[in-house]
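This report concerns only the one structure given below.
The values are calculated or read from the model by the stated rules, or taken from the named source; none is laboratory data. Predicted model only: the values in this text are computed from it and were never measured. Cβ placement follows ideal geometry from the backbone for every residue including glycine, while neighbour counts extend to all protein chains displayed.
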Amino acid sequence: MKKFLPFLLPFVLIAGIGWLYTQSGSPKKIFKKLPILGNHKLDTIQVDGKQSIDTIFHTVPPFTFINQKGETITEASVKGKVYVVDYFFTTCQSICPIMSKQLTRVYKGNKDIMILSHTVDPETDSPQVLNEYASVHKADPKRWVFLTGSKSELYKQARIGYLLDAQEGNGGPEDFIHTQNFALIDKKGRIRGFYDGTDSSAVNDLITDIDFLIDEN
């Protein structure tokens with residue numbers, strides 16, 4: 001039997017590939033399960049008159065910021081969408097240009113997502129400055145928004161909302177966030193992954209995971 005195995009292997013592979021196709025000839029998608037990140041708690045709910053345990057996951061809290069066009073952006077702007085989050089500043093000469101270059105790949109790779117780039121230096125990064133920065137990257141303000149606002153609120157959202165910075169701070173004059181990580185948020189406002197925005201391989205993973213989230217039920 002062993003001597004026939006090399007001859008049987010190609011037929012097994014062909015059969016496996018054929019299994020991936022539906023009757024219409026379109027391949028079935030293979031899904032992977034991304035984790036839901038952040039703290040969660042258990043809650044008791046009533047289902048058909050019976051008590052059941054439900055898991056309450058961390059979700060991004062409400063926010064209000066201003067984009068590069070001077071428009072108000074809130075959680076309603078991304079409701080039901082998969083989106084990617086980062087924090088940067090326009091005068092950064094180290095990791096931020098690399099991150100923005102990688103986000104351009106993400107932006108061009110899927111038209112069904114949004115990108116929210118928050119400044120960590122709102123005193124410098126006015127909507128006008130952000131608009132100039134966005135223009136360099138040919139960013140559509142409906143899909144890739146560059147956000148400014150209250151420093152305390154921007155930093156609070158980074159730490160408590162998106163879990164992108166573990167250091168304590170209140171957004172005061174001496175407080176500063178400088179993270180290279182991107183956060184991937186699903187249609188329900190849950191964090192599904194963190195990715196090194198300076199690492200092409202990690203961003204490749206992000207692009208792949210975005211496709212999974214878009215198709216996730």
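Does the range 151-179 hold any residues that are within 22 Å of SER100 (Cα to Cα) and small (Gly, Ala, Ser), and which are they?
Answer for the range 151-179, where residues must be within 22 Å of SER100 (Cα to Cα) and small (Gly, Ala, Ser): ALA158, GLY161.
Sort out which residues of the range 97-109 are surrounded by fewer than 15 Cβ atoms within 10 Å (Cβ to Cβ) and either within 15 Å of ALA183 (Cα to Cα) or in contact (Cβ under 8 Å) with a residue 40 or more places away in the chain (or both), and write them in order of number. Give the derivation first.
Let us first name the residues in the range 97-109 that are surrounded by fewer than 15 Cβ atoms within 10 Å (Cβ to Cβ), namely 97, 101, 105, 108.
Within the range 97-109, ARG105 is the sole residue that qualifies.
Collect the residues in the range 163-217 that are within 20 Å of THR119 (Cα to Cα), charged (D, E, K, R) and surrounded by 14 or more Cβ atoms within 10 Å (Cβ to Cβ), keeping them in residue-number order.
Hits for the range 163-217 are ASP165, ASP175, ASP196.
Would you point out which residue out of ILE66, ILE98, ILE53 is modelled with pLDDT under 95, over 23 Å from LYS187 (Cβ atoms) and of a type in the set (Val, Ile, Thr)? Steps first, answer last, please.
On the way: ILE66 fails: modelled with pLDDT under 95; ILE98 fails: modelled with pLDDT under 95.
It is ILE53.
Please indicate, with yes or no, whether at least one residue in the range 118-141 is within 21 Å of ILE214 (Cα to Cα), outside any loop (DSSP other than H, G, I, E, B) and touching a residue at least 24 places away in the same chain (Cβ under 8 Å).
No - not one qualifying residue is present in the range 118-141.
Please identify the pairs in which a residue from the range 79-96 that is more than 14 Å from VAL136 (Cβ to Cβ) and without any contact (Cβ under 8 Å) to a residue 40 or more places away in the chain has its Cβ atom under 7 Å from the Cβ atom of a residue that is among the charged types (D, E, K, R) and assigned to a loop (DSSP other than H, G, I, E, B), counting only partners at least 6 apart or on another chain.
Listed by first residue and then by second, the contacts come to PHE89/ASP121; PHE89/ASP125.
Any residue at all in the range 144-162 that's part of a loop (DSSP other than H, G, I, E, B), over 14 Å from the mean Cα position of the chain (by Cα) and surrounded by fewer than 18 Cβ atoms within 10 Å (Cβ to Cβ)? Let's see the steps before the verdict.
Initially, the range 144-162 is screened for residues part of a loop (DSSP other than H, G, I, E, B), giving 149-150, 162.
Right, trim to over 14 Å from the mean Cα position of the chain (by Cα) and you get 149-150.
Then keep just the ones that are surrounded by fewer than 18 Cβ atoms within 10 Å (Cβ to Cβ); that gives 150.
Checking the range 144-162: at least one residue is part of a loop (DSSP other than H, G, I, E, B), over 14 Å from the mean Cα position of the chain (by Cα) and surrounded by fewer than 18 Cβ atoms within 10 Å (Cβ to Cβ).
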